Amino acid sequence: RLRPGDRLPTVRRLAGDLGIAPNTVARAYRELEADGLLEGRGRAGTFVADDDADHAAKAAARAYADTTRSLGLDPARALTLVRRALET
């Protein structure tokens with residue numbers, strides 16, 4: 001059973017293990033990535049995507065980081081603000 005963050009085998013390895021064409025595995029990986037179930041990280045590999053809540057929280061965190069940077073806040077101050085917000 002795969003969990004969010006688990007790394008999948010390479011296309012060639014999985015194709016070899018299953019005895020199917022690498023293009024078939026590559027297509028399946030692409031389709032699963034397009035559906036948001038897998039996350040390709042370039043040379044690092046392909047991973048099971050985070051669940052919806054984790055994905056949404058990471059997107060919100062990225063947006064918050066971008067906003068605080070654009071406002072000129074240093075990271076320590078930005079973290080203090082978010083900790084306070086989480087406590088309420």
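The values are calculated or read from the model by the stated rules, or taken from the named source; none is laboratory data. Please read all numbers here as calculations on a predicted model, not as lab measurements. With ideal geometry, Cβ positions are generated from the backbone for all residues, glycine too; neighbour counts draw on all protein chains shown. Note: areas computed on protein heavy atoms with side chains; ligands, DNA, RNA excluded. Shrake-Rupley method; radii C 1.70, N 1.55, O 1.52, S 1.80 Å.
Before moving on, here are some points about what is shown:
- Pairs of Cα atoms farther than 11 Å apart, the range 1-43, %: 67
- Between Asp74 and Arg62, the contour length at 0.36 nm per residue exceeds the Cα-Cα span by 2.8 nm.
- Shown in residue order for the range 63-72 are the 3J(HN,Hα) couplings computed by the Karplus curve 6.51 cos²θ - 1.76 cosθ + 1.60 at θ = phi - 60°: 5, 4, 4, 4, 5, 5, 5, 5, 7, x Hz (x for Gly and Pro).
- With protein chains left intact and a 1.4 Å probe, residues in the chain average 79 Å² of accessible area per residue.
- FRET E, pair Arg12, Thr88, Förster distance 35 Å, beta-carbon r, rounded to 0.05: 0.10
- Its Cα centre serving as origin, the chain has a Cβ charge dipole (Lys and Arg +1, Asp and Glu -1) of approximately 340 debye.
- Taking the accessible area of the chain, probe 1.4 Å, and keeping the other protein chains in place, the carbon and sulfur fraction comes to 54%.
- Taking all Cα pairs closer than 8 Å and separated by 6 or more residues, the relative contact order of the chain comes to 25 percent.
- Kirkwood analysis of the Cα pair distances in the chain returns a hydrodynamic radius of 15.6 Å.
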